[in-house]
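These notes are about the structure you will find just below.
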Amino acid sequence: MDKPERCRVSTSAGTIVQPSLTPTPSLTVAWYCENRGLGCVIVALENDTLAPDFELLNQYGETVRLSDFRGRKAVAIVFFPLAFSGTCTGELCALRDNISLFEDHRVELLGVSVDSKFTLRAWAEQEGYGFSLLADFWPHGDIAKEYGVFLPEKGFANRATFLVDERGIIRASFITAPGEARSIESYRAALDRLPAHV
């Protein structure tokens, strides 16, 4: 395989947004990034598939289950590499500053990383994050692996977002190359394509 100049998600370089409205059979999105030192193929869940259920502790030690939102509201699952890192702090501060975007669409925002609940609580308190940060701490990165976004050579999840509707179906997703922040515009475009709350 020729070495790509940059990471590619399917056939698009950089960020891919995959909006959809109707469920179809499960498919995968594979992307390869050898030049960035990953040297592996990552297969992420694609739109129109049932989002794997999970149960994780948030920064306060409270159990959060994805299935608890089913029938009540949509969910944005935001995987990020590590708390206290520069890019992740910038991204989550942008989400904090634009939380009304999610509230206006009746979407619950859940951040997920391999950090411990203690690390996530310290970070949330320092930065004023009012949304749940979930600890995919042990088994290490298990939920990120289920969603196909765990980077085994790095030991953490890539920057990946999955928008899950009230029925538990992934309706939009986007993944950025390692080191590349997600934009609020990407969230806005994906949220605008979610089915209306019924």
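Quick rundown of the values:
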quantity: Taking all pairs of distinct alpha-carbon atoms in the stretch 49-192, Kirkwood radius in angstrom; calculated: 14.9 Å
quantity: Total formal charge among the other residues, if their Cβ is under 11 angstrom from that of residue 146, Lys/Arg +1 and Asp/Glu -1; calculated: -2
quantity: Semi-axis lengths, Å, the stretch 123-198, gyration tensor of Cα atoms, sqrt of 5 times eigenvalues; calculated: 23, 16, 15
quantity: Among beta bridges that DSSP assigns inside the stretch 49-192, antiparallel share in %, nearest 5; calculated: 65 percent
quantity: Around residue 159: net Lys/Arg minus Asp/Glu count, Cβ-Cβ under 10 Å; calculated: -1
quantity: Fewest-first sequence of 72, 121 by Cβ atoms within 10 Å of each Cβ; calculated: 72, 121
quantity: Mean-position separation - Cα centroids, the stretch 162-178 and the stretch 55-107, in angstrom; calculated: 12 Å
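Read-outs: derived from the displayed coordinates by stated rules, not from any lab. Everything numeric in this text was worked out from a predicted model, so none of it was measured. So basically every Cβ, Gly included, is an ideal-geometry build from the backbone, and we count neighbours across all protein chains shown.
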